[in-house]
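Visitor: Okay, handing you the structure first.
The values are calculated or read from the model by the stated rules, or taken from the named source; none is laboratory data. Just so we're clear, the structure is a prediction, and the values are computed from it rather than from any experiment. All Cβ positions, glycine included, derive from the backbone under ideal geometry; neighbour counts span all protein chains shown.
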Amino acid sequence: MRTPENFVELLARHKNSDRRLIEHAKRLTPLDIETSTDPKVVRLRRMIYAVQGEIQRMRGFVRLSPLGRGVLWGPMSPEHEIGFYVADFFARRFPGTMIVLGDERRSWASLLTGSGYLRSRGVGVSTALEELGRLTDAEAKEGGEEEEEDRAEAGAESEVEAGLAQLWEVYYQSQDQPPRDGRRTFGGRISRRSLKSAGMETERGRANRRLGDFI
Amino acid sequence: MTTLEKMARLAALSRFDSLGPFPGRKIDPAKVEVLGRGTKHDICSSTSAKRREEGIYRFGDVLRGGLCHSFTGSGRCVSLFKTLYTNACPHDCRYCVNAKSSGSSRTFSYSPEELARTTVALYRTNRIEGLFLSSGIGEGEEETMEEMIETVRLLRGSYGFGGYVHLKILPGSSRELVREAMELSDRVSVNLEAPSESRLSELCPSKDYQRDILARQRYVRDLSREVDLPAGQTTQMVVGAAGETDREIFDRLLFEYDVLELKRVYFSAFRPVAGTAFEGRDKEQSWREHRLYQVDWLRRVYRLEDEEITAAFDEDGFLQNGDPKVAIARELFDSPIDPNSASFGELIRVPGIGPRSARRIALLRKKRRIERMRDLAALGVATRRAGPFLKVGGKCATTLDRWMG
């Protein structure tokens, strides 16, 4: 069954969720959600699936970039309140590395340490990154040779980053089989909403380009 | 909630290296393009690996359900960094752009370190879920296979990479190398390419079906009793290049699942590639690939009997461009069935009802009777397809057959 045990928590993350819906959901079990034909419950089920779907899409589509030592950040503007679900997922994949995700209004930072997750919510990813930049600079001033090495390393990293973006673009195009007769043969697509939410660039291929991209 | 300052301090204690190509040494884009393009028709996914140990976190991990990181213009999921190790190959497969007679002028090869670093960098930036590594034969099966294994050894050892790795076993690889490949990978595969020896000889005369392919698949089957291979063994067939029928492919598929214990069989509709011996042949319709996947799904997931599936093939052994489940259901059901009394096995055989909706029906009818079609729709049943095979609330949908009969 697709409805998880923590379905009330997921429902609370939906953009149209309210206290009345959550109270209603608390009286139900995952089995009720799955098997009910009551239109109200069917609506709850769809809302839970929508949140699950967005978490899965953002896990795949968000692109991360290193910011100095120990930080990976990525643009993400989800429709539902799922920031920490996605940030925690990456924190699990990269233990010891701080993950910062967000857009111009919201940011979510997560770090997995030996004792569990540390989390921080902010008012925008650029603000969070600026703050992290200041902290790194302050550390560099206090530090000695090791920090000098780190700065050199960071310069090399940005060079590698640029090369990597180009490499990815070449690779991505090498996998493409152009759609025939304007139709997609294999059915998969990235919705316009996801392209925007995850700030994807390379993947906005021929089929996803808009007139504005060429102006 | 905690402060960014505290998190930054703790994160700085963990050494971080973005890796990627060595600074100052750029990878030739032509190499990335040619070796990437060489795997364009290889089908793979990152699903089915289940090796997460609860509570133990390391760099990289796998999601059991897989994860698509992007889609190509044609709608194919891009999940893994799919690449050849080298495109040099002494074989002469007539459909392959890397065949020695295809006239491809430039040959490229990665080094293990270069490929491992690139994979880690792409993974770190969340562009991929892992690595799919195939190859031409290069200098020889053993040498190239050893280098491919070295790449994965570097990934797992030096870089502590816990992500997904799918490694191709080259035809003719020794049993010892097959074992090493299995110890390091989530999934391994040997490409069948064709459903029989005679069909393969038409596609690739220099390969021996028994010795180069089936014998390696048996190695993997036998070794997987000793070595843990989380996502199992898979294979792939080119559809429509050698004039084979769908029935031949289906019979081979049964052998692969039942005797060689494969996890998945993938299909790739033939596309003629410029510069190859099959350049002038007609491309295969992609719906044929899709219908074969549906039949595979009916056997593997819905667990239909082989004899039942036979009803989907026509007299010449081909599938029609229609849902094979509908063709099977027409043979199977003389009259519409009542979802209140049908067994799970019957429900799952109705087009428009999948395993999940069949389970939901079974659970709901324990509480109350199903009397309306919209109740089924609310449970996820595709009622337009299921309607002609169901009797709900004493009513059956009108079909042309019933109206005339």
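Visitor: With respect to the numbered conditions (1) under 21 Å from the mean Cα position of the chain (by Cα); (2) over 26 Å from A:ARG92 (Cα atoms); (3) within 14 Å of chain A (Cβ to nearest Cβ), which one is the sole condition not fulfilled by B:PHE108?
Guide: (1)
Visitor: Look at B:ARG15 and say whether it is more than 7 Å from every other protein chain (Cβ to nearest Cβ), modelled with pLDDT under 65 and exposed (fewer than 14 other Cβ atoms within 10 Å of the Cβ).
Guide: Against the criterion (more than 7 Å from every other protein chain (Cβ to nearest Cβ), modelled with pLDDT under 65 and exposed (fewer than 14 other Cβ atoms within 10 Å of the Cβ)), B:ARG15 qualifies.
Visitor: Return the residues of the stretch B:28-42 that are surrounded by fewer than 21 Cβ atoms within 10 Å (Cβ to Cβ), more than 8 Å from chain A (Cβ to nearest Cβ) and in a loop (DSSP other than H, G, I, E, B); say none if nothing qualifies.
Guide: B:ASP28, B:HIS41, B:ASP42
Visitor: Return the only residue of A:LEU11, A:LEU28, A:LEU21, A:LEU44 being assigned to a loop (DSSP other than H, G, I, E, B) and more than 10 Å from chain B (Cβ to nearest Cβ).
Guide: A:LEU28
Visitor: Assess whether B:ILE370 counts as being surrounded by 15 or more Cβ atoms within 10 Å (Cβ to Cβ) and more than 10 Å from every other protein chain (Cβ to nearest Cβ). Even if it seems obvious, please write down each step before you answer.
Guide: On the way: surrounded by 15 or more Cβ atoms within 10 Å (Cβ to Cβ): yes; more than 10 Å from every other protein chain (Cβ to nearest Cβ): no.
Here the answer is no, as B:ILE370 does not meet what is asked.
Visitor: Exactly one condition in (1) within 7 Å of another protein chain (Cβ to nearest Cβ); (2) within 22 Å of B:ASN126 (Cβ to Cβ) is false for A:GLU34; which is it?
Guide: For A:GLU34, the exception is condition (2).
Visitor: Inside the stretch B:249-264, can you point out the residues that are at negative phi and in a loop (DSSP other than H, G, I, E, B)?
Guide: Scanning the stretch B:249-264 gives B:VAL259, B:LEU260, B:LEU262, B:LYS263.
Visitor: If you scan the stretch B:235-263, which residues turn out to be modelled with pLDDT under 95 and closer than 19 Å to B:ARG303 by Cβ?
Guide: B:LYS263
Visitor: Further question on the same structure: Quick one: in the stretch A:61-84, which of the residues that are crowded, with 22+ Cβ neighbours inside 10 Å and part of a helix (DSSP H, G or I) is nearest to the other protein chains (Cβ to nearest Cβ)?
Guide: Among those residues, the one meeting the criterion is A:PHE61.
Visitor: On to the next question. Can you tell me which of B:LYS283, B:LYS325 is part of a loop (DSSP other than H, G, I, E, B) and basic (Lys, Arg)?
Guide: None of the other options fit; the residue is B:LYS283.
Visitor: Can you name the condition, by its number, that A:ARG93 falls short on among (1) free of Cβ contacts under 8 Å to residues at least 12 places away in the same chain; (2) within 16 Å of B:LYS6 (Cβ to Cβ); (3) buried (at least 24 other Cβ atoms within 10 Å of the Cβ)?
Guide: Single failed check for A:ARG93: (2).
Visitor: Do you know which residues across the stretch B:304-329 are surrounded by fewer than 20 Cβ atoms within 10 Å (Cβ to Cβ) and in contact with a strand residue (DSSP E or B) (Cβ under 8 Å, 6 or more places away or on another chain)?
Guide: Step one: filter the stretch B:304-329 for residues surrounded by fewer than 20 Cβ atoms within 10 Å (Cβ to Cβ), giving B:305-308, B:310-311, B:313-318, B:320-323, B:326-327.
Correct list: B:PHE313 only.
Visitor: Could you check, for the stretch B:63-70, whether at least one of its residues is within 24 Å of B:MET237 (Cβ to Cβ), modelled with pLDDT under 90 and within 12 Å of chain A (Cβ to nearest Cβ)?
Guide: Taking the stretch B:63-70 first, the residues within 24 Å of B:MET237 (Cβ to Cβ) are B:66, B:68.
Now narrow it down to the ones that are modelled with pLDDT under 90: B:66, B:68.
Adding the requirement that they be within 12 Å of chain A (Cβ to nearest Cβ) leaves B:66, B:68.
Yes, the stretch B:63-70 has at least one match.
Visitor: Go over the candidates B:PHE333, B:PHE318 one by one and state the one that is within 26 Å of the chain's Cα centre (by Cα), over 24 Å from A:THR3 (Cα atoms) and of a type outside the set (Asp, Glu). Step through it out loud before you land on a result.
Guide: Details: B:PHE333 fails: within 26 Å of the chain's Cα centre (by Cα).
Going through B:PHE333, B:PHE318 in turn, the sole match is B:PHE318.
Visitor: Identify all residues within the stretch B:288-322 that are among the acidic types (Asp, Glu), without any contact (Cβ under 8 Å) to a residue 24 or more places away in the chain and part of a helix (DSSP H, G or I); write none if there are none.
Guide: B:GLU307 - this is the single residue of the stretch B:288-322 that is among the acidic types (Asp, Glu), without any contact (Cβ under 8 Å) to a residue 24 or more places away in the chain and part of a helix (DSSP H, G or I).
Visitor: Still on this structure, please answer the following. Would you confirm whether or not the stretch B:330-342 contains a residue that is touching a residue at least 40 places away in the same chain (Cβ under 8 Å), surrounded by fewer than 18 Cβ atoms within 10 Å (Cβ to Cβ) and closer than 30 Å to B:GLY240 by Cβ?
Guide: No: zero hits.
Visitor: If the requirement is being at pLDDT 90 or above and polar (S, T, N, Q), which of these qualifies: B:THR383, B:THR399?
Guide: B:THR383
Visitor: Could you tell me whether any residue of the stretch B:355-362 is in a helix (DSSP H, G or I), basic (Lys, Arg), more than 22 Å from B:GLU244 (Cα to Cα) and more than 27 Å from the chain's Cα centre (by Cα)?
Guide: yes
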